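Enquirer: Below is the structure I would like to discuss, written out as C-alpha cells.
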Amino acid sequence: MKDVFTSGDIKAMDAHEIALHNNELELIRRAGSLVAQAICSHASRRRAVFFCGSGNNGADGVAAAATLAELGWETRVYAVRLGQGEAISRLYTQYRMKSGREVLPLPSNDGIPPYDVVVDALLGTGARFGLEGDYLRAARIINRLGESGRVVAVDLPTGVSADTGRAHENAVRADLTVCLSGFKPGVILYPGAEYAGEVLAYQVIPSPLLPSRRRYLFTRSDVHSLKRSRNTHKGDYGRLAILGGSMEMPGAALLSAEAALRSGAGTVTLLSDPETARVYAHRVREAMVRPVAAPHDMPALLQGKTALVMGPGLGDGPRVYELVAEGLSAGMPTLIDADGLNALARGGPEILLSASGPLVLTPHPKELSRLLDTELRTVVEDPLAAVEEAANRFRCTVLLKGAVTLIAGAESTLFSNRGCAGMAKGGSGDVLSGVIGGFLAHGAEPQYAAAAGAYLAGVAGEAAMARYGSTAMTPYHTVECLHKAYLPYES
C-alpha cells in the first residue's frame, strides 16, 4: 500500500522534522532534487519555466530550478511573491549562481513565450481553497503555456484542495504531479484527479512522524493470493447468506449471489420473502433459496452460516428494520447495503453499536448522509471526513462508493481508484456487496475484504468496459469478467 497524507499530516511531519534536526533548507533542497529528477525522466527537451509562490511550495520550485540549471537546462523562474527568510534567500542566491539569472516577478502582461516544461510551484498543501489575484493570473498563464508545453505540478496542482479534491474552475491542469512526502487525497479524489494527470510520489523525510490514522492507496500488490489447495471442499470457503430481493427489485439479490459465488464463497443462500423466494426457486442455479416469513425466522436460517449480506433489493417494507436487527444479533461478519442502510437511517442507526459481529457498511453518498443525519453536500464536498466520521461513530468498517472508493476502519483509511464510467449504473453496488460478501464468508478481515472487493470489482468493471463499452455494459457484465480480475492471483 502507498502512503496518503492529508495537509494536516504534512504540516505536523514537517514541523517535527525541522524541530528535531533544524534542517529546513536541506529538506527543501531534497524536495527540489526529487522534482528535478521527475522532470528529467518525463521530458526530452531541456527548457523549463517555473512559477513559484512565496511559501514552501515555491521554495521547492526554486530548488528544482537550481538543480536543473546545474544539469545544463535553460530555466526561468517567476515569483508571484518573493518569499521571506534566510532559507528562501539562500535558494534565490543558489539559483542565480547556477543559472546566471535572477528570480523575476510575474510580468504585468501575458507575454511569456512557450517552454517545453511549465512548472506549477505556486501553492501547496497548506493553502486554503480558492484562487484570486496574482495566483489566479499565474494559474491562467500556466494553463495557456500548457497548450504547447508539458505542465508539472509540485505536490498538487494549484487550485485543487489537498484533502478533498475540490477544484477551482481555473485550477492548473497538470500532465504530471510530483507529490512530496506521499500521495495527497486531492490528487486521488475527483475532480482533483482529473487535474493531476500522472502522479508520482516521493518520500522527502526518511523517517517521518506518522499520523495516528494512517491512509493508504490500495494497489495491485495488496491483494492476497487466491490460490486454493487441491485438497479442499466447499466448507473451507464459507457459507454466505444474502438477505435481499423483493418482487419490485428481484435482480439485486441475484446479482449479489452470482458475484459472491464467483468470489469464492463455498455456498450462497438467498433469504427472501416467501413470494420472491418462489420466483428465485425457478431462476437460481448454484445458490440455495430459503423463505423468510417473519423476522423471528432469521436465527434458524442463519445457523451454520459464516457471513451475512443484508439489503440488496430488500425493499422498504415495515419489517425490514426488524430483519436487519435480527441479522445484527447473529454474531457473524455482516455487510449492510442499500435498503438495509435506508432502514437503519429511518429506524435509528444507533442499533449498529449493539451488533455482535464485525460490520461493513457500503453506502453511496446519499445513504451516508442519511446515516450521519447531515446534508448530502457535506458528504460530497469532503468524502474523506464523512467516511471517517461514520467509521468512528458506528465502530465498524465503512465503504463509501464513488469514482474513488474510500474504506475507513478503526485506525486506517484505504483508497481504491479502480473502476470505470460504465459501472455508474443501478446494480453495480449489488455486485460489490456480493464480492465483499464472498471474501467475508471465507474469513477475510472486514476492512481488507471491503478494499480488495472494491479493487477487484473495479478491475472486472474495466474489463467489461473494454469488451462492451461504457454505454452498453451492465452490472452483470462486471460479474462475467470477475475471473479476469482474479486469475492473476491464483497462480
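Enquirer: Can you name every residue in segment 55-77 that is touching a strand residue (DSSP E or B) at 6+ places or on another chain (Cβ under 6 Å) and in a helix (DSSP H, G or I)?
Expert: N57, G58, D60, G61, V62, A65, L68, A69 - these are the residues of segment 55-77 that are touching a strand residue (DSSP E or B) at 6+ places or on another chain (Cβ under 6 Å) and in a helix (DSSP H, G or I).
Enquirer: Among the residues of segment 33-85, how many are among the acidic types (D, E) and free of Cβ contacts under 8 Å to residues at least 40 places away in the same chain? If you could, list the steps in order and put the result at the bottom.
Expert: From segment 33-85, those among the acidic types (D, E) are 60, 70, 74; that's our starting set.
Narrowing the set further to residues that are free of Cβ contacts under 8 Å to residues at least 40 places away in the same chain leaves 70, 74.
Going through segment 33-85 one residue at a time, the tally reaches 2.
Enquirer: Restricting to segment 44-97, name every residue that is polar (S, T, N, Q) and surrounded by fewer than 21 Cβ atoms within 10 Å (Cβ to Cβ). If you could, list the steps in order and put the result at the bottom.
Expert: Taking segment 44-97 first, the residues polar (S, T, N, Q) are 44, 54, 56-57, 67, 75, 84, 89, 93-94.
Within segment 44-97, S44, S54, Q84, S89, T93, Q94 qualify.
Enquirer: Tell me which residues, restricted to segment 282-307, are in contact with a Pro (Cβ under 6 Å, 6 or more places away or on another chain) and either within 19 Å of L440 (Cα to Cα) or outside the structural domain of K227 (by TED's automatic domain parsing) (or both).
Expert: A307
Enquirer: Examine segment 271-281 for a residue that is under 22 Å from L440 (Cα atoms) and either at pLDDT below 95 or surrounded by fewer than 24 Cβ atoms within 10 Å (Cβ to Cβ) (or both), and state whether such a residue exists. Write out each step before concluding.
Expert: Residues of segment 271-281 that are under 22 Å from L440 (Cα atoms), as a first pass: 271-272.
Applying the additional criterion that residues be either at pLDDT below 95 or surrounded by fewer than 24 Cβ atoms within 10 Å (Cβ to Cβ) (or both) yields none.
Within segment 271-281, none of the residues are under 22 Å from L440 (Cα atoms) and either at pLDDT below 95 or surrounded by fewer than 24 Cβ atoms within 10 Å (Cβ to Cβ) (or both).
Enquirer: Tell me, please, whether a residue that is within 12 Å of A138 (Cα to Cα), surrounded by fewer than 20 Cβ atoms within 10 Å (Cβ to Cβ) and in contact (Cβ under 8 Å) with a residue 12 or more places away in the chain can be found in segment 112-121. Even if it seems obvious, please write down each step before you answer.
Expert: Let us first name the residues in segment 112-121 that are within 12 Å of A138 (Cα to Cα), namely 112, 118-121.
From the residues that got through so far, the ones that are surrounded by fewer than 20 Cβ atoms within 10 Å (Cβ to Cβ) too are 112.
Then drop every residue that is not in contact (Cβ under 8 Å) with a residue 12 or more places away in the chain, which leaves 112.
Yes - at least one qualifying residue is present in segment 112-121.
Enquirer: Now a separate question. Which residue is nearest to L34 (Cα to Cα), if the candidates are limited to segment 142-158 and must be outside any loop (DSSP other than H, G, I, E, B) and touching a strand residue (DSSP E or B) at 6+ places or on another chain (Cβ under 7 Å)? Explain how you work it out, then say what you get.
Expert: So in segment 142-158, the residues outside any loop (DSSP other than H, G, I, E, B) come out as 142-145, 150-154.
Filter again for touching a strand residue (DSSP E or B) at 6+ places or on another chain (Cβ under 7 Å), leaving 142, 145, 150-154.
Working: I142: 21, L145: 23, R150: 17, V151: 16, V152: 13, A153: 13, V154: 10 Å.
So, considering only residues that are outside any loop (DSSP other than H, G, I, E, B) and touching a strand residue (DSSP E or B) at 6+ places or on another chain (Cβ under 7 Å), the one nearest to L34 (Cα to Cα) is V154.
Enquirer: What is the residue count in segment 206-264 for residues that are closer than 30 Å to T6 by Cβ and either touching a Lys or Arg at 6+ places or on another chain (Cβ under 9 Å) or modelled with pLDDT of 95 or more (or both)?
Expert: Applying the first criterion (closer than 30 Å to T6 by Cβ) to segment 206-264 yields 206-224.
Keeping just the survivors that are either touching a Lys or Arg at 6+ places or on another chain (Cβ under 9 Å) or modelled with pLDDT of 95 or more (or both) gives 213-224.
So the answer is 12.
Enquirer: May I ask you to list the residues in segment 86-131 that are under 24 Å from A43 (Cβ atoms), touching a Ser or Thr at 6+ places or on another chain (Cβ under 7 Å) and not in a strand (DSSP E or B)?
Expert: S99, P114, L122, L123
Enquirer: Something else now. Could you pull out the residue among S433, S491 that is of a type in the set (S, T, Y) and at pLDDT below 95? Outline the logic, then answer.
Expert: Numbers: S433 fails: at pLDDT below 95.
Of the residues listed, the single one that is of a type in the set (S, T, Y) and at pLDDT below 95 is S491.
Enquirer: Determine whether segment 174-192 contains at least one residue that is surrounded by 19 or more Cβ atoms within 10 Å (Cβ to Cβ), outside the structural domain of A307 (by TED's automatic domain parsing) and aromatic (F, W, Y).
Expert: We begin by selecting, within segment 174-192, every residue surrounded by 19 or more Cβ atoms within 10 Å (Cβ to Cβ); these are 174, 176-189, 192.
Keeping just the survivors that are outside the structural domain of A307 (by TED's automatic domain parsing) gives 174, 176-189, 192.
Right, trim to aromatic (F, W, Y) and you get 183.
Yes, segment 174-192 contains at least one residue that is surrounded by 19 or more Cβ atoms within 10 Å (Cβ to Cβ), outside the structural domain of A307 (by TED's automatic domain parsing) and aromatic (F, W, Y).
Enquirer: Now a separate question. Go through segment 180-219 and report how many residues are among the hydrophobic types (A, V, I, L, M, F, W, C), within 22 Å of A452 (Cα to Cα) and assigned to a loop (DSSP other than H, G, I, E, B).
Expert: Final tally of qualifying residues: 2.
Enquirer: While we're here: If we scan segment 419-428, do we find a residue that is under 25 Å from E480 (Cα atoms), of a type outside the set (S, T, N, Q) and without any contact (Cβ under 8 Å) to a residue 40 or more places away in the chain? Explain how you work it out, then say what you get.
Expert: Residues of segment 419-428 that are under 25 Å from E480 (Cα atoms), as a first pass: 419-428.
Going one step further and asking which of them are of a type outside the set (S, T, N, Q), we end up with 419-427.
Filter again for without any contact (Cβ under 8 Å) to a residue 40 or more places away in the chain, leaving 424.
Checking segment 419-428: at least one residue is under 25 Å from E480 (Cα atoms), of a type outside the set (S, T, N, Q) and without any contact (Cβ under 8 Å) to a residue 40 or more places away in the chain.
Enquirer: Right, something else. Among (1) in a helix (DSSP H, G or I); (2) modelled with pLDDT of 95 or more, there is one condition D134 misses while meeting the rest; what is its number?
Expert: For D134, the exception is condition (2).
Enquirer: In contact (Cβ under 8 Å) with a residue 24 or more places away in the chain, within 27 Å of K234 (Cβ to Cβ), out of contact with any strand residue (DSSP E or B) (no Cβ under 7 Å at 6 or more places or on another chain) and crowded, with 22+ Cβ neighbours inside 10 Å: which single residue out of G461, G453, G438 fits that description?
Expert: G453
Enquirer: Right, something else. Listed residues V289, V309; which is assigned to a strand (DSSP E or B) and in contact (Cβ under 8 Å) with a residue 24 or more places away in the chain?
Expert: From the options V289, V309, the qualifying one is V309.
Enquirer: On to the next question. Mind listing whichever residues of segment 1-54 are of a type in the set (K, R) and either in contact with a strand residue (DSSP E or B) (Cβ under 7 Å, 6 or more places away or on another chain) or within 15 Å of V118 (Cβ to Cβ) (or both)?
Expert: So the first thing to find is which residues in segment 1-54 are of a type in the set (K, R), and the list is 2, 11, 29-30, 45-47.
Residues satisfying the conditions are K2, R45, R46, R47.
Enquirer: Out of L352, L384, L368, L414, I need the residue that is assigned to a strand (DSSP E or B) and either within 18 Å of G437 (Cβ to Cβ) or at pLDDT 95 or above (or both). Which one?
Expert: Values: L352 fails: assigned to a strand (DSSP E or B); L384 fails: assigned to a strand (DSSP E or B); L368 fails: assigned to a strand (DSSP E or B).
That would be L414, the only listed residue that is assigned to a strand (DSSP E or B) and either within 18 Å of G437 (Cβ to Cβ) or at pLDDT 95 or above (or both).
Enquirer: Name the residue, out of T269, T219, T232, that is under 17 Å from M310 (Cα atoms) and either touching a residue at least 12 places away in the same chain (Cβ under 8 Å) or of a type in the set (S, T, N, Q) (or both). Walk me through how you get there before you give the answer.
Expert: Numbers: T219 fails: under 17 Å from M310 (Cα atoms); T232 fails: under 17 Å from M310 (Cα atoms).
None of the other options fit; the residue is T269.
The values are calculated or read from the model by the stated rules, or taken from the named source; none is laboratory data. Please read these numbers as outputs of a predicted model, since none were measured by experiment. Every residue, glycine as well, gets a Cβ built from its backbone with ideal geometry; the counts of neighbours run over all protein chains shown.
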